[in-house]
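The block underneath contains the structure these notes are about, expressed in structure tokens.
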């Protein structure tokens, strides 16, 4: 194993040698935080397996290989709009595409957006709406976290979503992240979501890789700032390749009466670590945090959630489900923290895991930290296999064992999919999950990208 | 166990609720007296000479001194663990005296030869050292300031081949047994406090139950720290050979002092084929005063190795004392079909802190474990459950059920749960459930309505809540433990 310090030094060196280029190809609001990020990174290391909270996924190791970083913002020639239609039938979305870390809007996107709504490149908007970006960029993600600091140090672009007061977006926004590069590539991207009071938006993110053989590394920080009574849905579907590593960190802060739904689904991946950090300083805020992971081969999925209740009468509900097959590893660490003074909090967490083969491993660590008495909190975690009796029942009615297993696993995932609040998407996800269990899925169905599995294409 | 005389005599009046309340409110910490007896204390500080001194003082063989020195040298390389959810003030390990023994005449032949003050101490505590207590059928080994003072019922046990004596006697009388098992379950390299204990342990109990013997009585050890500025480092070693059974009880108290005292013990249990060991603890070290001054730091390593097939180890603990508790009684289930159980009630009040739980390590196939942990926090205390359930890759058909409930009695206290679940085998079924809540207004109202004052109602509800664990305790212990619960929570309502 490479030493943790080394994996960080290469990025710091990259920054110090190419400082001018990095700044020139970004925006002042983004550049402003870099010196601070650098000072935080000095004399520290990326989290590794000895770090509490990272026991199962070494971020240091993840970032250790020598990846290229597209500092000069060279346009990688991919005709994404033509080749990639990751559409969801039955629902129409406002689509934007992110190649590695640069945002490419679809041709008509701008016309379809509501007045005042921003859905575009973070870098460009940081110049045109510098005040907005400067106010919120880095306001939630703490630089004390080495991974966030590294992202802040090297991030040059990303996506900005801004919904003004009382604007309710009818159509969901969709963001397709595509990795495409002729050489191993690391992308440091950033998504900043700002919802003013009473605003409403839904965002669907799909992660893909153009080339299944190429090594990719994604470092992603999502910041979500929610105004009073705002509603935000985030569906984050990872459907990349076994050679993709991803460290995604979500930081959200909810004001009074706001409602947040985060649903993270890992269907295909290499090594994935998702951090969900949700703060509820407002009262009567509601959070639903759902997650699903289907891992096979030697995939590794690690989800880490931390929901912090500081406001009164807020509710949170977490549900994470895993199906681990072959030699894959799953890890889950979930925390609920109820601060002193957060009266009448209701916080629940549930983690259910299925181990489908002898080589499969699951590590789970649900946690409760309660500093208040007038609360209702619980968590539950189970790890086991499919119900033998149910399998027998189905087989005795003529369903072959493999099919019965698939059916039961599909049923197992149903309640995670049911948290989705867009009916068309719900249906689509059922379809994707079914296909994933049948082993047919390499990429989501109808899109024409070259990342397609040949088998799926023919269908 | 500690207060059995009073229990016996007050039993008829037990239903008289006023009496209970008087009993409860009357004493804050009734074991908080010091006994003025000659104590043999060595100067504070720890170095190799101190380790050699302790070993020489006890007339130990060479191998044990080697063991101690190795542990000491290893300890020097370690730092105190910081991962627990505890706020531990820095401990100056050189400011502690590592050996304090009550001066007694060598080898007391009968009770008459024991220091009368010492006997008085024990009768204050209700320890069954005297004849009357022998009738209750509990064999007691009393350890005061880490030296075993008196073991009762020894002859009777010897008839069955059961060995129950202090560990220093065992070193002299059964060196091959002690050498065979000492440090096998908790090696000195295990953790900081285990290394410290291995270097300086002064005494403790040794139990050996031979093949096929069901120990006819409950064995009991009573621990007390008496001298100021000392630490207590005792070591318990229990071996249950094939088909044996033993139920072992442990109780602890300490006097009230302003400074903190350190208690770092090791308990090792080895369970062979089809044998069963039941280990019950009522821990009531001095918890500090209402402002959180003083109290015992209880940093204990307890572990059992169920290495026999179909062996069983059951831990039951009622934790009401200590300023800080750091304790994880564990089961290593390596035998086929071995069973591990952990039942715990941990109560914290005022400024107490507890980080306690268990580890169930499933190495053998078809091993089963059950964890039931009930935490009750009041005042400004912090109460955490921390547990590990691990299923090894080759352990097929394992089963675990974990339940952790927390009850919060004030808005300033904290209750936390940190379970670690590592499943490396696909045939395992592991379940974990945890809930946190406070006593509902409805329940209190219901009791009030029927003329039960709030304080008493809380006691009632808490006892009901802890019943599942209390039921696992031996009878005499359960009565004591229930009272302790009420004393600890006294004044925490309203």
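The values are calculated or read from the model by the stated rules, or taken from the named source; none is laboratory data. In this text, all values refer to a predicted model and were calculated from it rather than measured experimentally. Neighbour counts run over all protein chains shown; Cβ positions are idealised from the backbone, glycine included.
The residue that is nearest to residue A:306 (Cα to Cα), counting only those in segment A:129-139 that are surrounded by fewer than 20 Cβ atoms within 10 Å (Cβ to Cβ) and under 21 Å from the mean Cα position of the chain (by Cα), is A:139.
Yes or no: segment B:422-434 includes at least one residue that is touching a strand residue (DSSP E or B) at 6+ places or on another chain (Cβ under 9 Å), closer than 16 Å to residue B:342 by Cα and more than 9 Å from chain A (Cβ to nearest Cβ). Give the steps one after another, and end with the answer.
At the first step, the residues of segment B:422-434 found to be touching a strand residue (DSSP E or B) at 6+ places or on another chain (Cβ under 9 Å) are B:422-434.
Imposing the further condition that a residue be closer than 16 Å to residue B:342 by Cα reduces the set to B:430-434.
Checking the rest, the ones that are also more than 9 Å from chain A (Cβ to nearest Cβ) come to none.
No - not one qualifying residue is present in segment B:422-434.
A single entry from A:414, A:419 fulfils the requirement of being closer than 30 Å to residue A:339 by Cα and more than 14 Å from every other protein chain (Cβ to nearest Cβ): A:419. Restricting A:33, A:8, A:94 to those that are at negative phi, crowded, with 18+ Cβ neighbours inside 10 Å and at pLDDT 90 or above reduces the list to A:33.
For residue A:383, state whether it is without any contact (Cβ under 8 Å) to a residue 40 or more places away in the chain, buried (at least 18 other Cβ atoms within 10 Å of the Cβ), within 22 Å of the chain's Cα centre (by Cα) and within 14 Å of chain B (Cβ to nearest Cβ). No; evaluated as a whole, the condition is false for this residue. Do you know which residues across segment A:60-87 are buried (at least 18 other Cβ atoms within 10 Å of the Cβ), touching a strand residue (DSSP E or B) at 6+ places or on another chain (Cβ under 6 Å) and at pLDDT 85 or above? Scanning segment A:60-87 gives A:62, A:67, A:69.
Residues that are buried (at least 23 other Cβ atoms within 10 Å of the Cβ) and farther than 17 Å from residue B:343 by Cβ within segment B:391-408 comprise B:391, B:395, B:398, B:408, listed in sequence order. Tally up the residues in segment B:435-460 that are at positive phi and within 7 Å of chain A (Cβ to nearest Cβ), please. Residues in segment B:435-460 being at positive phi and within 7 Å of chain A (Cβ to nearest Cβ): 0 in total.
Taking segment A:386-411, which residues are under 33 Å from the mean Cα position of the chain (by Cα) and within 14 Å of chain B (Cβ to nearest Cβ)? Show your work before the answer.
Filtering segment A:386-411 down to residues under 33 Å from the mean Cα position of the chain (by Cα) leaves A:386-387, A:402-411.
Once the filter is applied, which keeps residues that are under 33 Å from the mean Cα position of the chain (by Cα) and within 14 Å of chain B (Cβ to nearest Cβ), segment A:386-411 yields A:386, A:387, A:405, A:409.
Among the residues of segment B:55-67, some residue qualifies, meaning at least one is within 30 Å of residue B:358 (Cβ to Cβ), modelled with pLDDT of 65 or more and part of a helix (DSSP H, G or I).
Consider segment B:412-421 and keep the residues that are under 25 Å from the mean Cα position of the chain (by Cα) and within 17 Å of residue A:338 (Cα to Cα). The one that is farthest from the other protein chains (Cβ to nearest Cβ) is B:413.
Considering segment A:366-380 alone, what residues qualify as being within 23 Å of the chain's Cα centre (by Cα) and in contact (Cβ under 8 Å) with a residue 40 or more places away in the chain? If the condition is that a residue be within 23 Å of the chain's Cα centre (by Cα) and in contact (Cβ under 8 Å) with a residue 40 or more places away in the chain, then A:379 is the only one that fits. Residues in segment B:189-213 that are touching a helix residue (DSSP H, G or I) at 6+ places or on another chain (Cβ under 9 Å) and surrounded by fewer than 22 Cβ atoms within 10 Å (Cβ to Cβ): B:189, B:190, B:192.
Just one of the listed residues (A:439, A:448) is on the phi > 0 side of the Ramachandran plot and either modelled with pLDDT under 90 or crowded, with 20+ Cβ neighbours inside 10 Å (or both), and it is A:439. For residue A:412, the conditions (1) within 23 Å of residue A:353 (Cα to Cα); (2) modelled with pLDDT under 90; (3) assigned to a helix (DSSP H, G or I) are fulfilled apart from (2).
In summary, residue A:328 fulfils each of the numbered conditions (1) closer than 24 Å to residue A:409 by Cβ; (2) away from chain B (no Cβ under 14 Å) with the single exception of condition (2).
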